[in-house]
1. Could you pull out the GluC sites (Glu not before Pro) across region 130-220 that fall in loop regions by DSSP (anything but H, G, I, E, B) with no more than 16 other Cβ atoms inside 10 Å?
2. Any lysines with Cα under 28 Å of the Lys211 Cα? List them, leaving off those in the same chain fewer than 8 positions away.
3. Taking only DSSP H segments of four or more residues, each worth -39500 (n - 2.57), what value at 222 nm results for the chain once the sum is divided by all its residues, to the nearest 500 deg cm²/dmol?
4. With charges only on Cβ, +1 for K and R and -1 for D and E, what is the dipole size of the chain about its Cα centre, in debye, rounded to 20?
5. Given that just one value was derived from the coordinates, which of [x] 26, 21, 17; [y] 23, 22, 17; [z] 32, 20, 14 is semi-axes √(5λ) of the Cα gyration tensor in Å?
6. Taking neighbour counts of Cβ atoms within 10 Å as a proxy for exposure, in what order, fewest first, do Thr54, Thr146 appear?
7. Roughly speaking, what is the stretch gain from Asp111 to Ser218, that is 0.36 nm per residue apart minus the C-alpha to C-alpha distance, in nm to one decimal?
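Where a number appears in this text, it was derived from the coordinates with a stated rule and is not lab data. From a predicted model like this one, the values you see are computed outputs, not experimental measurements. Quick reminder, even Gly has a Cβ in these numbers, built from the backbone with ideal geometry, and neighbours come from all protein chains shown.
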Amino acid sequence: MSEAIGQILPFAVGVGISPFPIVAVVLMLSTPRARVNGPAFLVGWVAGLAILGTIILLVSSGIDASDDGEPATWVSVLKLVLGAALIALAVKQWRGRNDEKPAPKWMAAIDHFGPGKALGIGVLLAAVNPKNLLLTIGAAAAIAQTDIEFLQQELVLVIFIVIATIGVGAPIVIYFALGERSKDILDGLKSWMAANNTVIMSVLLLIIGVKLFGDGISGL
């Protein structure tokens, strides 16, 4: 199981420090319904990662992700594809790093969100966001290829989710721990993340993409 934990760490860190979801949760914590919407967003985030990860593990278990202790050929091919996709995303983001991108329309309406919408946004940003989708698929495939028991796979998935939740969970913990005193800290975090979003994700995606691509080549 330790091998599987080592395999998922880069993916978990990549999901955990995604700037856009962190900015989204900080914005929610500045609204009148922060005490309800913040935790609702966190529940949606965890649920999105858990559902997506479990589905991939079930599919991988059904088609043998491991072959005599080595990754099955399809897993190596998947790594090549995911690696190439992440590298392409990294290049695309880097090229557009100086472009001004308008904020999504739902961010303008965040003051009017109820807990249901906050939960839904959490699910979407965790599991449907292309970057997190690719990283979670990569993590689940890495877990499946180690050929450990399914319950152990789920335990490693839980570890992945915990690490991947630190980024969006930290502002919520700060908010509840410090109350009004958290405003300056969260505003500073939001500003820094928004200013460095493209660079952070470009570097992360490139590193993880190259690793996946290399693992895929070595597994063939």
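1. Sites meeting the loop and neighbour criteria: Glu149.
2. Lys79, Lys92, Lys131
3. -27000 deg cm²/dmol
4. In total the dipole reaches around 1100 debye.
5. Here semi-axes √(5λ) of the Cα gyration tensor in Å agrees with entry [z].
6. Thr54, Thr146
7. Using 0.36 nm per residue and subtracting the Cα-Cα distance, I get 33.6 nm.
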